[in-house]
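The values are calculated or read from the model by the stated rules, or taken from the named source; none is laboratory data. No experiment lies behind these values; they were computed from the predicted model shown. Note that we place each Cβ from the backbone using ideal geometry, even for glycine, and neighbour counts take in every protein chain shown. Heads up: the accessible areas ignore ligands, DNA and RNA and are worked out on the full protein's heavy atoms, side chains in. Shrake-Rupley method; radii C 1.70, N 1.55, O 1.52, S 1.80 Å.
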Amino acid sequence: MKSIATINFKGGVGKTTVTWLLAKYAAAKDNKKVLVVDTDAQMSLTLAIQLQESGTMIGNFEKWYEDKHIKNNKTLLNALEAYDTLKGGHFDFSITSSFIYQMSDNLFFVPSVVDLYWLELDVIDREKVKHFIRALLGKMEHTNKYNFNYVFFDSPPNFTALSYSVLSCSSLILIPVNPDVFASRGIGLMVDGLKYRIEPWPNPPIAVFMNKGKERLGVQTKETKRYWEEAKYVCEQIKQDKEKINIMAWDSFIPDRVSIKRAIPGQYFPDEFEPYFKELWENIKSILG
Amino acid sequence: MSRLNKITNKIEKVEKLLKDIKSEIEQYELEKNKGVRKNIKKSKSETIPSREKLIDEYNKLYQSFLSGDSKEVFSFVESKTINYLKEFCKANNISIVSGRQSKQKISDELVRWFQQRKAISKRNQ
């Protein structure tokens, strides 16, 4: 089971959409068993799945969320608290269908809860829960019901005990950037932030790619291409650090089109995006196998 | 008769001289035109480096920008022809409004991108 975290401390770069569509692509088009975990207290992915485009609720998910996930104390925060307290000296949290929601044959989901905001206040000791995600994934691997090939984490645009744990054990970190100066600036800031906060830095592969690229008549605009060159330049600078950060700049490009915004609440994978996600997914597999 | 012969001989000499002068003028004009054409041809076939070299040139120009000031960029742009600069911008994805390129605008655009690169690649080491 390989874990992939999507992160950028700059908000609005499209972390949630990319994570979800990648997972959908891997599950639907590559027949992989995939779990997506929403670790963001903003609950963007969780809400997007709840809400359909018309604004009505998807009955099954909402019912499961309220009646099973919340009532049975099977949220991500409950799991984190169980790990933090380690009552009886072990991680007492069973992986059941109240914790993981099944979206389709191959696609599974662990939603977020608004209480994850508490983690921003450092109520939990980061060092103590550093291996929480590793332990949780270990439990999943030992549960015969789920044999996930890949786990995707939609990470928040801030640094919490949970993101600390996710990033400490990820097989790959994905950083989407946009064609603007702020997103490109974010690469260096984030890599510096991660390597100084996560000790020892496990040096997972980090892949940067262009998301929300602007097009004109079906071709990337010069400005998008120029910003991508700048992002690649930043990656090259980071590579030259003495810490030997394993960062790659992938030429995979996801265009900014209206249909992608409808893709999460819609129950389908948008066909016009298939070649773009195929390329991104192939890159991921070439690194993770 | 001998006097008439002398005059005829003189006319023949003047005619020959005029012929030589005319021939020299024609030769001179021919060479002059050839030279102009050669120069025109030379300016049309200005050698523009490959895309990779133009990208390298951009990066070297950025290094000069980093170590000094933007004057280096302006003098680079001034020393190149518009055709060269068009290819340079194309290779480096620098957007310039077609048909309205001026060296000043190109310099400004390059400096803007270099300033951004400097800001983007600033690290908290």
Taking the conditions exactly as written (closer than 20 Å to A:Lys33 by Cα, open to solvent by less than 60 Å² (accessible area, probe 1.4 Å), touching a helix residue (DSSP H, G or I) at 6+ places or on another chain (Cβ under 6 Å) and β-branched (Val, Ile, Thr)), does A:Ile100 satisfy them or not? no
Do the conditions hold for A:Ile284, that is, is it modelled with pLDDT of 95 or more and part of a helix (DSSP H, G or I)? yes
Those residues of segment A:66-102 which are closer than 17 Å to A:Glu127 by Cα, hydroxyl-bearing (Ser, Thr, Tyr) and under 23 Å from the mean Cα position of the chain (by Cα), in sequence order: A:Tyr83
Does A:Lys242 satisfy being free of Cβ contacts under 8 Å to residues at least 60 places away in the same chain, within 11 Å of another protein chain (Cβ to nearest Cβ) and closer than 23 Å to A:Gly11 by Cβ? no
Are any residues in segment A:197-207 more than 19 Å from A:Thr160 (Cβ to Cβ) and touching a residue at least 12 places away in the same chain (Cβ under 8 Å), and if so, which ones? A:Asn203, A:Pro205, A:Ile206, A:Ala207
Top-ranked residue in segment A:189-214 [being within 14 Å of chain B (Cβ to nearest Cβ) and charged (D, E, K, R); ranked as farthest from B:Ser121 (Cα to Cα)]: A:Lys214
Residues of segment B:91-121 classified as under 19 Å from the mean Cα position of the chain (by Cα) and either modelled with pLDDT of 90 or more or within 11 Å of chain A (Cβ to nearest Cβ) (or both), total: 2
What helices (runs of 4 or more DSSP H) lie completely within segment A:168-276 and have 3 or more residues being open to solvent by less than 70 Å² (accessible area, probe 1.4 Å) and farther than 16 Å from A:Thr6 by Cα? A:181-197, A:222-239
Out of all the residues in segment A:176-196, is one or more touching a residue at least 40 places away in the same chain (Cβ under 8 Å), farther than 30 Å from B:Asn93 by Cα and either acidic (Asp, Glu) or out of contact with any Gly (no Cβ under 9 Å at 6 or more places or on another chain) (or both)? yes
With the structure loaded, tell me whether A:Val151 is assigned to a helix (DSSP H, G or I) and either under 25 Å from A:Ile245 (Cβ atoms) or not charged (D, E, K, R) (or both) or whether it fails that test. no
Unmet criterion (only one of (1) touching a Lys or Arg at 6+ places or on another chain (Cβ under 9 Å); (2) of a type outside the set (A, V, I, L, M); (3) farther than 28 Å from A:Phe277 by Cα; (4) open to solvent by 70 Å² or more (accessible area, probe 1.4 Å)) for A:Ser94: (4)
Out of A:Lys2, A:Lys10, A:Lys74, A:Lys68, I need the residue that is touching a Phe, Trp or Tyr at 6+ places or on another chain (Cβ under 6 Å), open to solvent by 50 Å² or more (accessible area, probe 1.4 Å) and closer than 18 Å to A:Met140 by Cβ. Which one? A:Lys2
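Condition check ((1) open to solvent by 60 Å² or more (accessible area, probe 1.4 Å); (2) closer than 26 Å to A:Thr224 by Cα; (3) modelled with pLDDT under 80) across all residues:
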residue	(1), (2), (3)
B:Leu18	yes, no, no
B:Glu26	yes, no, no
B:Glu29	yes, no, no
B:Lys41	yes, no, yes
B:Lys44	yes, no, yes
B:Ile48	yes, yes, no
B:Leu54	no, yes, no
B:Leu85	no, yes, no
Of the residues that make up segment A:160-180, is at least one within 13 Å of another protein chain (Cβ to nearest Cβ) and more than 18 Å from the chain's Cα centre (by Cα)? yes
Kindly check whether there is at least one residue in segment A:88-102 that is without any contact (Cβ under 8 Å) to a residue 40 or more places away in the chain, in contact with a strand residue (DSSP E or B) (Cβ under 7 Å, 6 or more places away or on another chain) and not polar (S, T, N, Q). yes
If you check every pair at least six apart or on different chains, which have Cβ atoms under 6 Å apart with a residue in segment B:84-97 that is farther than 16 Å from B:Glu46 by Cβ first and a residue that is among the hydroxyl-bearing types (Ser, Thr, Tyr) and part of a helix (DSSP H, G or I) second? B:Asn92/B:Tyr58
